[in-house]
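Structure first, then comments.
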Amino acid sequence: MTYIAKPKLRHPSLVPNKVGYTRRDYEGKVSTLCAGCGHDSISAAIVQACWELDIAPHRVAKLSGIGCSSKTPDYFLGASHGFNTVHGRMPSVLTGANLANRDLLYLGVSGDGDSASIGLGQFAHAMRRGVRMVYIVENNGVYGLTKGQFSATADRGSKSKKGATNNDSPVDLVGMALQLGATYVARGFSGDKGQLVPLIAGAMRHGGAAFIDVISPCVAFNNHAGSTRSYDHVREHNEAVSRIDFIDLAQEINVEPEPGEVIELPQADGSTMRLRKLHKDYDPTNRRRAMDHIQAMDAEGEIATGLLYVDPKARDLHAALNTVVPPLNGLDEQALCPGAAALAKINAGLR
Ligand SMILES: Cc1ncc(C[n+]2csc(CCOP(=O)(O)OP(=O)(O)O)c2C)c(N)n1
Ligand code: SF4
Ligand SMILES: [Mg+2]
């Protein structure tokens with residue numbers, strides 16, 4: 001973590017959004033990551049998405065595990081709630097916080113080591129339970145913080161910086177998220193901010209478990225020829241299947257006009273997402289067909305990016321558990337401890 005705060009100076013031309021904050025208000029401390037690390041671009045995309053969506057910083061809770069990626073919440077949203085948990089344990093801590101207070105927007109930031117190795121079980125259960133959150137994996141194919149060992153998402157046959165070959169099959173977090181029931185599944189690239197910002201914004205508006213795998217090259221240990229997570233390799237093989245044009249019909253996100261069929265998807269919060277299909281036969285609302293399409297592209301060595309799957313009618317864990325709406329810290333003693341008669345009634349119902 002860094003202890004270098006950013007200077008308080010503000011450029012007079014910074015534009016405030018509808019809730020009165022400029023982009024500067026969504027930033028954090030000075031990053032200590034390597035210059036050129038993809039993770040810093042993802043932090044910038046998160047800042048941009050929050051500013052564009054007029055989210056008040058104190059309404060966000062950002063949680064992470066351990067790794068270079070998990071350090072990044074210190075470098076954005078300095079005025080938000082934050083919890084840097086233990087390696088691989090972000091999802092369970094986030095689930096608890098979310099159950100205690102559903103009023104906040106939950107942002108989980110993790111790495112491929114954090115989520116695909118030690119935290120694989122935690123990742124799986126957060127997805128299958130439909131915890132309402134934005135779950136971002138900053139995927140570089142290595143354990144960056146501990147000096148570049150292959151992670152579980154590294155492709156079979158990819159080469160390490162020192163020339164060793166990875167012989168293990170990769171864990172495909174996108175495929176797992178789809179199979180486990182996540183209701184918003186996307187893949188982005190840290191080198192394509194124009195694509196990434198709307199993907200994050202869409203996830204923030206989503207009503208259930210939203211997962212974004214962001215390929216984020218590690219310039220120190222995994223950006224060489226023979227790596228399938230280098231800037232060059234991803235630029236060459238990245239193939240967008242869809243592009244989010246708008247989150248609200250009122251709010252346009254500026255992107256280059258692209259060819260393709262446009263579909264409008266009403267979201268749980270009343271906003272509308274406008275999605276442009278860039279592959280004619282791709283259906284991002286059909287889970288099974290989305291999985292087939294992504295796997296077919298993968299077999300050809302192409303990396304499918306964009307919004308890969310969305311269920312606009314997503315339900316979250318609170319709906320499944322029928323929990324009370326107000327945050328638990330707002331309940332009075334009578335509501336929290338309803339007394340012996342209420343307990344006796346519950347017990348009688350279980351006999
Ligand atoms: C319980 C535990 N085991 C192992 C470690 C050592 N460790 C720290 S970070 C890390 C992996 C980080 O890789 P990743 O999540 O991909 O993040 P990156 O640094 O690549 O962004 C490991 C194994 C640890 N901190 N805690
Ligand atoms: S070691 Fe890799 S992942 Fe970590 S900050 Fe440097 S470039 Fe980024
Ligand atoms: Mg990593």
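Among the residues in the range 303-317, are any at positive phi, touching a residue at least 60 places away in the same chain (Cβ under 8 Å) and in contact with a Pro (Cβ under 9 Å, 6 or more places away or on another chain)?
Checking the range 303-317: at least one residue is at positive phi, touching a residue at least 60 places away in the same chain (Cβ under 8 Å) and in contact with a Pro (Cβ under 9 Å, 6 or more places away or on another chain).
Identify, from the list Met90, Met133, the residue that is more than 28 Å from Phe221 (Cβ to Cβ) and touching a Leu at 6+ places or on another chain (Cβ under 9 Å).
On the way: Met90 fails: more than 28 Å from Phe221 (Cβ to Cβ).
After applying the criteria, what remains is Met133.
Before we move on, is Ala5 surrounded by fewer than 17 Cβ atoms within 10 Å (Cβ to Cβ) and in contact (Cβ under 8 Å) with a residue 24 or more places away in the chain?
Answer is yes for this residue.
Just wondering, is there one or more residues in the range 166-181 that are under 23 Å from Leu278 (Cβ atoms), surrounded by fewer than 23 Cβ atoms within 10 Å (Cβ to Cβ), away from ligand 3 (no atom under 16 Å from the Cβ) and among the charged types (D, E, K, R)?
First, the residues of the range 166-181 that are under 23 Å from Leu278 (Cβ atoms): 172-175, 177-178.
Next cut, surrounded by fewer than 23 Cβ atoms within 10 Å (Cβ to Cβ) only: 172, 175, 178.
Add one more test, that the residue is away from ligand 3 (no atom under 16 Å from the Cβ), and what stays is 175, 178.
Now narrow it down to the ones that are among the charged types (D, E, K, R): none.
No - not one qualifying residue is present in the range 166-181.
Residue by residue, here is whether (1) in contact with a strand residue (DSSP E or B) (Cβ under 9 Å, 6 or more places away or on another chain); (2) part of a loop (DSSP other than H, G, I, E, B); (3) closer than 18 Å to Thr183 by Cβ holds:
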position	(1), (2), (3)
Pro312	yes, yes, yes
Ala319	no, no, yes
Ala335	no, no, no
Leu343	no, no, no
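Write out, first by first residue and then by second, each pair whose Cβ atoms fall under 7 Å of each other, whose residues are 6+ apart or on separate chains, and whose first residue, in the range 205-234, is touching a residue at least 12 places away in the same chain (Cβ under 8 Å) and at positive phi while the second is in a loop (DSSP other than H, G, I, E, B) and more than 12 Å from ligand 2 (Cβ to nearest atom).
Pairs found: Gly226/Ser158.
What residue, among those in the range 120-139 that are touching a helix residue (DSSP H, G or I) at 6+ places or on another chain (Cβ under 7 Å) and of a type in the set (Gly, Ala, Ser), is farthest from ligand 2 (Cβ to nearest atom)?
Restricting to residues being touching a helix residue (DSSP H, G or I) at 6+ places or on another chain (Cβ under 7 Å) and of a type in the set (Gly, Ala, Ser), the top hit is Gly130.
Under 8 Å by Cβ, and 6 or more places apart or on different chains, what pairs join a residue from the range 57-68 that is β-branched (Val, Ile, Thr) with one that is in a strand (DSSP E or B) and within 16 Å of ligand 2 (Cβ to nearest atom)?
Ile66/Asn84
Which residues, counting only those in the range 8-39, are part of a helix (DSSP H, G or I), buried (at least 20 other Cβ atoms within 10 Å of the Cβ) and either small (Gly, Ala, Ser) or away from ligand 2 (no atom under 16 Å from the Cβ) (or both)?
Matches in the range 8-39: Asp25, Tyr26, Gly38.
Would you be able to tell me the number of residues in the range 40-76 that are within 16 Å of ligand 3 (Cβ to nearest atom) and either in a helix (DSSP H, G or I) or modelled with pLDDT under 95 (or both)? Steps first, please.
Of the residues in the range 40-76, the ones within 16 Å of ligand 3 (Cβ to nearest atom) are 40-43, 64-73.
Checking the rest, the ones that are also either in a helix (DSSP H, G or I) or modelled with pLDDT under 95 (or both) come to 40-43, 68-73.
Qualifying residue count, the range 40-76: 10.
Would you point out the residue of the range 255-284, among those that are of a type in the set (A, V, I, L, M, F, W, C) and modelled with pLDDT under 85, that is farthest from Leu196 (Cα to Cα)?
Here the residue is Ala268.
Of the residues in the range 61-74, how many are away from ligand 1 (no atom under 12 Å from the Cβ) and in contact with a helix residue (DSSP H, G or I) (Cβ under 7 Å, 6 or more places away or on another chain)?
3
Residue by residue through the range 180-228, note down the ones that are assigned to a helix (DSSP H, G or I) and within 16 Å of ligand 1 (Cβ to nearest atom). Quick ask: steps written out before the conclusion?
Initially, the range 180-228 is screened for residues assigned to a helix (DSSP H, G or I), giving 180, 193-205.
The answer is none; no residue qualifies.
The values are calculated or read from the model by the stated rules, or taken from the named source; none is laboratory data. Given the structure is predicted, the values throughout are model-derived calculations rather than measurements. Cβ sites come from the backbone with ideal geometry, for glycine too, and all protein chains shown count toward neighbours.
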